[in-house]
Number of protein chains: 2
Amino acid sequence: MSKELSTRAANYSEWYNELVEKADLAQHSAVKGCMVIKPYGYAIWEKMQQALDKMFKDTGHVNAYFPLFVPKSLFEAEETNAEGFAKECAVVTHYRLKSDPNNKGKLIVDPDAKLTEELIVRPTSEAIIWSTYKGWIQSYRDLPILINQWANVVRWEMRTRLFLRTAEFLWQEGHTAHETKAEAIAETEKMLHVYADFAENWMAMPVLKGIKTANERFAGADETYCIEALMQDGKALQAGTSHFLGQNFAKAFDVKFANKEGKQEYVWATSWGVSTRLMGALIMSHSDDKGLVLPPKLAPFQVVIVPIYKGEEQLAQISEVVFRMKKAMEAKGISVKYDDRDNQRPGWKFAEYELKGVPVRIAIGGRDLENGTVELARRDTMEKETLQQAGIEDKVAQLLEQIQDNLYQKALALREAKTTTVDTYEEFKSVLEGKTGFVLAHWDGTSETEKKIKEETKATIRCIPLNNKQETGTCIYSGKPSTQRVVFAKAY
Amino acid sequence: MSKELSTRAANYSEWYNELVEKADLAQHSAVKGCMVIKPYGYAIWEKMQQALDKMFKDTGHVNAYFPLFVPKSLFEAEETNAEGFAKECAVVTHYRLKSDPNNKGKLIVDPDAKLTEELIVRPTSEAIIWSTYKGWIQSYRDLPILINQWANVVRWEMRTRLFLRTAEFLWQEGHTAHETKAEAIAETEKMLHVYADFAENWMAMPVLKGIKTANERFAGADETYCIEALMQDGKALQAGTSHFLGQNFAKAFDVKFANKEGKQEYVWATSWGVSTRLMGALIMSHSDDKGLVLPPKLAPFQVVIVPIYKGEEQLAQISEVVFRMKKAMEAKGISVKYDDRDNQRPGWKFAEYELKGVPVRIAIGGRDLENGTVELARRDTMEKETLQQAGIEDKVAQLLEQIQDNLYQKALALREAKTTTVDTYEEFKSVLEGKTGFVLAHWDGTSETEKKIKEETKATIRCIPLNNKQETGTCIYSGKPSTQRVVFAKAY
C-alpha cells in the first residue's frame, strides 16, 4: 500500500478521505452509509469517551440505557421533532425472515411477521426517554433527572463521509429534567461549557460558543447552543450541541410534577450530544500532508520507540535500554509502544507512525548505545533532537504538554487568521470564495435573509456568540438595521 | 411504593421480577420486549464492562465497531448461522417517513423509500465482520486479528424477562481470525477461561466450564464452549459462550490467506460473547428476600453511611466525623456514599440500601459521637457490630474481601448441594422435580435421546465438562453404552 497522501492544498477532501483510511481510523462498510471504525480509530474514540464520561459524572450525571427502537406513535408525539427527523428514519416493519421457497438456502422477509406498529431506529432518543420519564416523575422531589446515554443512532443520509456524516454513528446524548426554566437553561449552558472545555483542553481545538438561529435549531428545541470549530480548509464544523427543550417534550408526553406548593406543572427539559463526528474534527484540526497529528491527551499511545540495529545481539542491548526508559515513562503516566518487529525497516516504521500521528518518536541505534543518547522527533513540528537517555521521562512528559499546547495555539492562530469582519455583501462573498473561514457580519435577524444568503453563497450562520458585542449596523444583505454581528461560514 | 418483595420460596419468578424493578435496575419499555436499563443497574453493568474490557486487552485484544445493519445477502451467506437466527430478525425495509395525508400531524412510512435490499438489525455480527475481514487479510502477516466489539444486538423474542431474555440487549462480541485450527481452538479456550475468571472472581459466581452438544451449539460453530452457573432456584443459566467457528465464515465470505509457504488457505475463526444477561445471573446468584446482594467488586458503591441525628448541629458534628472516615476509606480505593438527605428517615434508608444490595452500611448517631464508634452492618449475612471510628478503613477493606469471598463460597456450597449423580431415568426425573439443580447422568451421545429427554422433562444438557472424567456406564434413557456423565438441568 502506498503511504503517500494527496496534499491538503491539492485536494483537501481527498486528503481527508485518504488519511482516514490509510491511518487505519475507519472505512466504508458493506452497508451503504455505515462505517467500520477500525481499532486505531476506535482507540481514539475510547479516549474521548473516557474523558467526556468523567466530565459528565463530575457534573452530577449518571449513565443509563434506553431502547434502540421507538414505536411510531411515540416518535410522532412531539411533532416538530418528528417532522425534523422523518426524512432520515430507518424503519423496522418485520420481525422474522423465512426460507425462500424459490431459492434454496436464501431467505426472504416473512410477510406474516409484519409489525402492527412500525418501529423507528432512533435518530435521537427524546421521544423514548420522555415517554419513560413520565413514569419516573411525580413530584419536585423526583427532579432533577440528570442522565446520559452512550449509544448508536441512525439518520439516513444519501451523501456520507467517514466520521463527518454517516447513516449510523456513535454518540452520547444527555437528557435532563428540571423543575424550572432557569435551572434547565443553566444546565444547557453548563453542558455547552463542558463540551468547549473538552474541545479545547483535550482535542486542542478552539471553539466558538454560541446560539443557533431558528433555522439551524434542533427540531423540538426552544434554543440550541453549539460549539463551532474551524477546520484548516476554512470550513466550519459544528462540534457539539446543547438544547434547551422548554416544555415541548413534557407536553407531548404529558410529564407533569407537583411543585413545592402542590401545583401540577410541566417539566423543563434539556438534551445535549457529541458524536463520532468529533473524530472528523480532530483529524481536520491538526493533521498535515504526512498524515494524522494527534494531541497527546487523545493519542492511543503517546510515544513510539523504534530500535535501529544490526543483528540480534545489538537488538538485545538496545531492548534492555528501551525497557528501562519505557518503565520510567510509564511510571509518569506516559503510554509507550516499543516496535521491535523484525519484518519492517526503521524507515517504514517512521513513515507509519507519522501517518498515525504518534506525538513523539524515539529512535535508538548502535551509536546511541555508546553515547547514552536517543534521537527524539516530535510529530507536530517534525523537529528532531538528540537527548540523553537518563531523565528522558521528564523531558518527554514536558514535551507532551508542549505539543498539546502548541497544537491548540496553532489551531487558534489559524482561526484568528481566518476570521474576517466585513461590512458589505461583496466583501462577504469575496472572503467566502477566497480567504474562507469565519465571517463576522451584520444580519437583520430574519430567517428570510439567512435563507437567501445560504442559497446564494452556501454560507450559514454558525452561531450568535455568547455574550456577543452589541453594536449598531446594517445587514449586509438587506441593508436593514442590525444590533450585532453574527458568525457566517461554509460548513461541514 | 412498597418495598416488600415476594419471597423466593413463595414465587421465585415474581421475586426476581419485583427485585429488578424495585432495586431500580431495569424496567420494561414502551417497545415490546426491549428494556430500559436504569442508572443503578447500568452502573453495575459499567463495572462489569470495565473489568471485562481490561481482561480482553490484557489478553491482546483491541476494540472496534462494525455496523448495526447487515444486508440480507451478507446475512444469508453462512447458511447455518442465517437459518439459526432467521426467526428472530428485526428487518429494516424503508428509510423514510412522510406526513400522513389523512391524519394531520401524523406520519406514515413512505412507500417510495423502500430499500432495494432489506437490512437485518444484527442479532450477532459474524456476517458483517467476516465480510470486512476479507479486505483485511491477504497473508499470514495479517493474522491473528484479535478484535472485540461492545454493542447492542436484537433478537426478536415473544416471551421476554428483564436482563434474561430481551429483544434488544447489550453485549460484547469478540471475533478473531487465525492461521491454524490449533491456534483458533486455543483462543476459544483462552476466552472461556477469561469468562470463568470473571464470573468467579468478580461476580462471585462459580461456573462449570464445558462444551455444548450439537443441539445446543451456536448456529455456524464447529464447537461451542460455555460457562454454566446454577441459580438459587436450581435452574441453570448459560453465562457466556466461546465458539470455535472452524473455517465456516471464511468459506462463506471467501477469506483466504497466503501461508508461510505461499499457499492459499481459508482463515480459522472464533467468536465469544457475554451480555447484560450476566446482570440476571448476578442478581439470582446472591440476592435474598430483602433485596439485591452485590459482590463488593461490582457494587456501584461499596459502603453507605447513614447519619442518625437530632437537629442540624448534631448532623454537622456527625458529618465532620463521616467526612474523615470517608476520605480514609476512599484513599484505600473503597467507594463510599454518604446519605445525609433530610427528607427520609434512617429506617427508610436502611431498607433502601438493603434492597439495593450495598455490601456495607455504616450508621453513626449521637452516642457513637461520644464513644468514637459506628454501627456497621454487612449485607450478605445481615450481621451488625459496633466498631471504633479509628482505623475503620482497614476493617472495611478487609470486610469487603470477606464478603466477596463469602458470596462465592455460599454460591459454591449451594451448587454442590444441588449437584446430584443419578443412574436411572426415574431418579433423574425425581431430582429434576424435587431437589432440582445439576444432574450428572450417563447419556448415549445421540441428539435423538437428548431431544426426547428435553421433551419429557424440559431438562437440557448444559455441557460436557472440560476434562470430564471418563467412565463406562449406560444411558439413563436408552440404556445404550456411555463413556461419560454429562450435566443436565432445567435452564433459563
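No value in this document is a laboratory result; all are computed from the given coordinates. Here the structure is a predicted model, which means the values were calculated and not measured. For neighbour counting, all protein chains shown are included, and Cβ atoms are generated from backbone atoms with ideal geometry for every residue, glycine included.
On full extension, the segment bounded by residue A:458 and residue A:263 gains 65.3 nm, given 0.36 nm per residue less the C-alpha separation. Phi angles of the stretch A:421-430 translate, via the Karplus equation with coefficients 6.51, -1.76, 1.60 and θ = phi - 60°, into HN-Hα couplings of 9, 10, 10, 10, 5, 4, 4, 4, 5, 5 Hz per residue; Gly and Pro are given as x. In whole percents, the pair-distance distribution calculated for the stretch A:366-449 from its alpha-carbon pairs, binned every 10 Å from zero, is 14, 27, 18, 14, 13, 9, 4, 0.
Given the options A:204, B:42, A:319, identify the residue whose Cα lies farthest towards the positive end of the charge dipole of the protein assembly as shown (+1 on Cβ of Lys, Arg; -1 on Cβ of Asp, Glu). Checked the options; the winner is B:42.
Peptide A:152-158 has a mean of 3 when you count, residue by residue, the C-beta atoms of other protein chains within 10 Å of its C-beta. Per the Kirkwood formula applied to alpha carbons, chain A shows a radius of gyration over Rh ratio, Rg over Rh, of 1.03.
Maximal additional length on extending the residue A:58-residue A:405 stretch stands at 122.5 nm, based on 0.36 nm per residue less the C-alpha distance. In a simple Cβ point-charge model (Lys, Arg +1; Asp, Glu -1; nothing else charged), the protein assembly as shown has a dipole of about 640 debye relative to its Cα centre. Each copy carries a label point for residue A:332 at 7 Å from Cα toward Cβ; from one copy, the others' points are 3.4 nm away, ordered from shortest. With the Kirkwood sum run over all distinct C-alpha pairs, the stretch A:419-489 has a hydrodynamic radius of 11.8 Å. The C-alpha atoms of chain A define a longest principal axis, and helix A:181-201 lies at about 20 degrees to it. Backbone phi angles across the stretch A:202-215, fed through the Karplus curve with coefficients 6.51, -1.76 and 1.60 (θ = phi - 60°), yield HN-Hα couplings of 10, 7, 6, 10, x, 9, 8, 9, x, 10, 7, 6, 4, 4 Hz in residue order; Gly and Pro are listed as x. Extending 7 Å from the Cα toward the beta-carbon at both residue B:136 and residue A:313 defines two label points whose distance is 4.1 nm. Here is the list for the stretch B:52-153: trypsin sites (Lys or Arg not before Pro) lying in DSSP coil, each with at most 13 other C-beta atoms within 10 angstrom of its C-beta, are B:104. The C-alpha atoms of chain A define a longest principal axis, and helix A:447-457 lies at about 40 degrees to it.
Summary of packing: across the peptides A:269-280, A:411-422, the per-residue average of other C-beta atoms within 10 Å ranks them, highest first, as A:269-280, A:411-422. Grouping the Cα pair distances of the stretch A:288-432 into 5 Å bins from zero gives a pair-distance distribution of 2, 9, 18, 19, 17, 11, 7, 5, 4, 3, 3, 2, 1, 0, 0 percent in increasing distance order.
Peptide B:120-132 shows a mean partner chain C-beta count of 2 within 10 Å per residue C-beta. Remark: mean inter-chain Cβ contacts per residue of A:25-37 equal 6, using a 10 Å Cβ-Cβ cutoff to other protein chain atoms.
Helical runs (DSSP H, four residues minimum) scored at -39500 (n - 2.57) apiece and divided by the length of chain A put the mean residue ellipticity at 222 nm at -11000 deg cm²/dmol. In the structure shown, the pairs B:57/B:256; A:290/A:429; A:72/A:190; A:57/A:490 are assessed against 28 Å; a Cα-Cα span above that value is assigned to A:290/A:429; A:72/A:190; A:57/A:490. Inter-copy label distances at residue B:260, shortest first and taken from points set 7 Å along Cα to Cβ: 7.6 nm. With a cut-off of 12 Å between beta carbons, the residues surrounding residue B:446 carry a summed charge of 0, where Lys and Arg count +1 and Asp and Glu -1.
The distance between label points at residue B:468 and residue A:341 comes to 4.3 nm (points 7 Å beyond Cα on the Cα→Cβ vector). Protection proxy ranking of A:208-217, A:327-336, by the mean of other Cβ atoms within 10 Å over each peptide's residues and highest first, is A:208-217, A:327-336. Each of residue A:397 and residue B:427 was given a label point 7 Å from its Cα along the Cα-to-Cβ line. The distance between the two points is 6.7 nm. Sorting the Cα pairs of the protein assembly as shown by distance into bins of 10 Å, from 0 upward, gives 2, 10, 17, 22, 22, 16, 8, 2, 1, 0 percent per bin.
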